[in-house]
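Have a look at this one before I ask anything.
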Amino acid sequence: MEARVSDSLVVDTFRMRLADIADVDLSQLHALSIAVGWPHRAEDWRFLLDIGRGFAALDEIDRVLGSAMWFPHGDDFATIGMVITSPRLQTNGAAQWLMRKLISGEFGKRRLRLNATRAAYRLYLSLGFSPRATVYQCQGDARPMPNAPHIPAGLTLRELSPADLDQMTALDAPAFAAARPLHLARLFEESVSYGLFRGQNLRAFSMCRRFGRGHVIGPVTALNEEEAIAVLHPHVTAHAGTFLRLDTHFKTGTFANFVQQCGLPVFDTVTTMTLGEHADYGPSEDGEAMVFTLASQSMG
């Protein structure tokens, strides 16, 4: 993607310009997220830069003052994330400028989805995004249940291998509302993953990787809550007593209750919003798989 260095915005007494985020020093991006209290490590930024695209806003001496990224999932869908502006600019229209530049030039006819913080919610409404569901950010020191969850008769739980990626993609695509084979493959490289099978057929899977203060579980995709719990539990056990996080649309029910019992209370919420997409979230009525936890708030 070409850097858009000709676009600029005067803020206070200086001018901002856009650059391709891939050309920006990683340490400056990391410093930007630290400045707004986000937990991303430099390694987390590097992972997102490997699979996403976007802009950074620079001042006249090339200090990073903002960022906005998008993550393509095929040719007709994308998620938006890492929309950050320096605290000194958050009331000066910088985020709106970044988002308008991103939307006007990058997406074509793609359906768009993002997860909005409370501070950014009105901005996204003004850009035409519609609220769809609440995301519950659950985190804390993991506490495994005394007894392992019941695995239904005829099902087998095992750690996944790269040979399982095709089945993972096929199970996940209708749940996520888009196929994301490249992202799942890249996530798999960073994660420990478990799957629940009936014979050779995959019914649920989970991934867990390093992120922020500890580890994050996601995505978890499954046909029902009981099976989602079965693939979630090994990660809780593996990280007992350490910081663990997951992001879910499920506030109540068996799955949500299990998450709470494992020492991961709701810490914060964001709002899933869409543009050109009418996605459904929560329990499925047609027997298809559901996304129980997000890969991340940026990637969905």
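The values are calculated or read from the model by the stated rules, or taken from the named source; none is laboratory data. The shown structure was predicted, so the numbers you read here are calculated from the model rather than taken from an experiment. Virtual Cβ from ideal backbone geometry, glycine too; neighbours counted across all protein chains shown.
Just to be sure before I move on: is Ala228 within 24 Å of Trp45 (Cα to Cα), in a helix (DSSP H, G or I), in contact with a Ser or Thr (Cβ under 9 Å, 6 or more places away or on another chain) and modelled with pLDDT of 95 or more in the structure I sent?
Against the criterion (within 24 Å of Trp45 (Cα to Cα), in a helix (DSSP H, G or I), in contact with a Ser or Thr (Cβ under 9 Å, 6 or more places away or on another chain) and modelled with pLDDT of 95 or more), Ala228 does not qualify.
If you don't mind, there's one more thing I want to ask. Restricting the search to region 129-144, which residues are within 22 Å of His249 (Cβ to Cβ) and not polar (S, T, N, Q)?
Once the filter is applied, which keeps residues that are within 22 Å of His249 (Cβ to Cβ) and not polar (S, T, N, Q), region 129-144 yields Phe129, Pro131, Arg132, Ala133, Val135, Tyr136, Cys138, Gly140, Ala142.
Then there is this: Please list, ordered by first then second residue, the pairs with beta carbon atoms under 7 Å, 6 or more apart or interchain, first in region 99-116 and in the same structural domain as Gly276 (by TED's automatic domain parsing), second modelled with pLDDT of 90 or more and part of a helix (DSSP H, G or I).
none
Go through (1) within 23 Å of Thr117 (Cβ to Cβ); (2) in a loop (DSSP other than H, G, I, E, B) and name the single condition Gly263 misses.
Evaluating Gly263 over (1) within 23 Å of Thr117 (Cβ to Cβ); (2) in a loop (DSSP other than H, G, I, E, B) leaves (1) as the failure.
Test Pro174 against the criterion of being assigned to a loop (DSSP other than H, G, I, E, B) and touching a residue at least 40 places away in the same chain (Cβ under 8 Å), and give yes or no.
When the stated conditions are applied, Pro174 does not pass them.
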